[in-house]
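Report on one structure; see the data block that follows.
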């Protein structure tokens, strides 16, 4: 969204997804799927760049992800080692990740690295020290229904 002065105005479209860090994806699926009313993920994938294996479920327009680290030194494994299994990421959908980053950086929000690619869109993380311990993600994914 652009303001009348030509500056980007941050607009959150929705909660995009919530990520749960788990030690064992298969065991976590057995616990979560009956509660979610699912027999399998709506989207299962491996993200080599982020070193994670993911089971994503759609709850309305919001993704609910179980994430397992592919390596002992991955971010998910490190999170679990420090804090235990649980909510690791809350992701907010924005129109343009880079423009949202620029606006928030001007306001003093620290980002972890830059914008990263994912399935034709980009995402970035605001450091959890600024967000009450929550790793907050901004993503400009253009949701087009259930992605399989």
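Quick notes on this one:
- Scanning the stretch 84-107 for residues that are in contact (Cβ under 8 Å) with a residue 12 or more places away in the chain and in a loop (DSSP other than H, G, I, E, B) yields 85, 95, 96.
- Residue ID - surrounded by the fewest Cβ atoms within 10 Å (Cβ to Cβ), chosen from residues in the stretch 84-118 that are within 21 Å of residue 21 (Cα to Cα) and at pLDDT below 95: 113
- The residues in the stretch 108-135 that are over 12 Å from the mean Cα position of the chain (by Cα) and in a strand (DSSP E or B) can be counted, and the count is 7.
- Among the numbered conditions (1) in the same structural domain as residue 31 (by TED's automatic domain parsing); (2) over 12 Å from the mean Cα position of the chain (by Cα); (3) closer than 30 Å to residue 37 by Cβ, the only one that residue 82 does not meet is (3).
The values are calculated or read from the model by the stated rules, or taken from the named source; none is laboratory data. If you're wondering where the values come from, they're calculated on a predicted model, not measured in any experiment. Positions of Cβ are generated from backbone atoms using ideal geometry, with glycine treated the same way; all protein chains shown enter the neighbour counts.
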